[in-house]
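Just so you know, all these numbers are worked out from the coordinates, no wet-lab data involved. Source: prediction; values computed, not measured. Using ideal geometry, Cβ is built from the backbone for each residue, glycine included, and neighbour counts are taken over all protein chains shown.
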Ligand code: NAP
């Protein structure tokens, strides 16, 4: 089976034998993809000339109706998405839910909050700015949807959520989307697009799909297009510095990799509620999606005197978890996505173990449930410990994109902040402490290098939303190494798909124009 591309409102098969999509547990080929020979230039043109205008004829409120219908269609096909997740990602039910239910929830969330924008077609930002002595001539800022295409280049680990969290705000903005899922796991995004197209919800050209490497994609972007990339920092650098992107100042949003941290405060000792909550969170983060989340905890900073106890508590839980084929209901940890990722994880682990002790795991021939180690792509959940985090380099720099985390001992607040900042820009850090002044010092010390900080104290307890969980109402993204991008944050996500401009003119004209706009304060509320 070769999965076709969806371009210019038609399904088009790519040329050649294509690349195989593989079951990471059995090694069986599931399908093939190819984007070879497809007319990308025509696809962009069609999206700009048909999809965009048809979407922008509608108001924000009418476009939320489209999102609501997409949400319904995706919900109706949820079981099939779980089946594909199991086959193509080896996903357990919890893994599949994180991606698929997260995708559906995000789509429905935008369908709900978009209603506040009513029948508007653009945003009016701020008050009239008088520019003449008598006040007849003034300035007014507006935000208008861009007339280009939103190009999504996505990572392999979130084929469903990665598509929906980007598509929902773009479509709500009135901007057509062209999604290029990562090749190894393109099937799930393909199936979602297929279901949306079949349900005939969107105007032709409002959604396009490319399955395959499509390395010439960025040659076709123009000034009014947007590139929203999620993936590794290396590929991000290539996308950002692409000659056509640079020459045309194409707007680029980058979500890249990240060495995220969890921090145990000095006040939290073994046996305390926060100590227990952190243990639970570390185990969840390491094992959910086999640690293949951009937000996963990679470093755990722990007061030196608690290092051993925390290591033992996490190791005890990891040792009771079955790793293997998720068709076996006892399995709670699945594989990484393919043999190449497995090799990359093992190589990264070697770099980390050069600076760390192994607390648990790091065994290349560990027991697997219902899977052949020769054919499958598993990595044993592995906990490491670093005694000298100030001298370590790899611990703060090497992202092992699998079920691997490192405990790092700290002696005082100053060292803790210095070491946390060595992630050079992260998506998220979580802090477990009941000491408000410690929380404040940490937030002030690391806030500028993080997109999100999760503070957990005893009053919150288990009610926190989770270190690795991205909620659509809050900002997702991070500075520096994490890519510098910003996604979600409710209606703020629409800013990426709008352009700000100012009209300077007669007050009457400005008032008439303003009547077409929704108050931009709604974006920030
Ligand atoms: P990747 O290898 O960087 O690939 C990401 C995407 O870029 C894929 O669709 C890939 O296509 C495409 N691509 C590669 N080279 C390209 C080029 N020259 N021009 C245009 N597109 C190109 O990343 P990955 O291995 O799929 O994903 C894992 C990484 O993503 C991890 O480092 C993780 O931390 C990061 N991630 C970050 C976030 C976030 O929100 N910050 C979320 C998820 C994952 P092909 O697959 O066809 O090569």
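Structure data summary
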| read-out | value |
| --- | --- |
| Over the range 207-342 - Rg/Rh using Cα atoms and the Kirkwood inverse-distance radius | 1.12 |
| Helix-derived mean residue ellipticity, 222 nm - over the chain, DSSP H n ≥ 4, -39500 (n - 2.57), to 500 | -10000 deg cm²/dmol |
| Cubic angstrom per residue, convex hull over Cα atoms of the range 36-86 | 100 |
| The range 102-203: Rg to Rh, with Rh as the Kirkwood radius over Cα pairs | 1.16 |
| Ranked list, fewest to most other Cβ atoms within 10 Å of each Cβ, for 1, 321 | 1, 321 |
| Ranking of 105, 81, 497 by count of other Cβ atoms within 10 Å, fewest first | 105, 497, 81 |
| Highest to lowest packing among 447-458, 148-159, scored as the average C-beta count within 10 Å | 148-159, 447-458 |
| Between helix 307-319 and the chain: long-axis angle, C-alpha atoms, 0 to 90°, nearest 10 | 80 |
| At q = 0.10 Å⁻¹, base-10 log of I(q)/I(0) for the chain (Debye sum, equal scatterers on each alpha carbon) | -0.81 |
| Residue list for the range 480-504, given a label point 7 angstrom along the Cα-to-Cβ vector of residue 516 and an amide N cut-off under 17 Å | 498-504 |
| Share of pairwise Cα separations in the range 3-44, more than 14 Å, in percent | 51 |
| The chain: angle of helix 78-89 to the longest principal axis, Cα-based, in degrees nearest 10 | 60 |
| The range 391-462-the range 1-43 distance, computed between alpha-carbon centres (Å) | 41 |
| Computed P(r) (all Cα pairs; the range 260-313; 10 Å bins; percent) | 24, 56, 20, 0 |
| With Cα atoms, 0 to 90° folded angle of helix 93-113 axis to the chain main axis | 30 |
| Relative counts (whole %) of C-alpha pair distances in the range 259-410, using bins that are 5 Å wide | 2, 10, 21, 23, 20, 13, 7, 3, 1, 0 |
| Highest average packing first - 89-102, 194-207, Cβ atoms within 10 Å | 89-102, 194-207 |
| Value of Rg/Rh across the range 314-392 [Cα atoms, Kirkwood radius] | 1.01 |
| Two-decimal ratio, the range 1-142, of alpha-carbon radius of gyration to 2.2 N^0.38 Å | 1.54 |
| Least to most buried among 278, 131 (fewest other Cβ within 10 Å first) | 131, 278 |
| Beta bridges per DSSP with both ends in the chain, % antiparallel, nearest 5 | 35 |
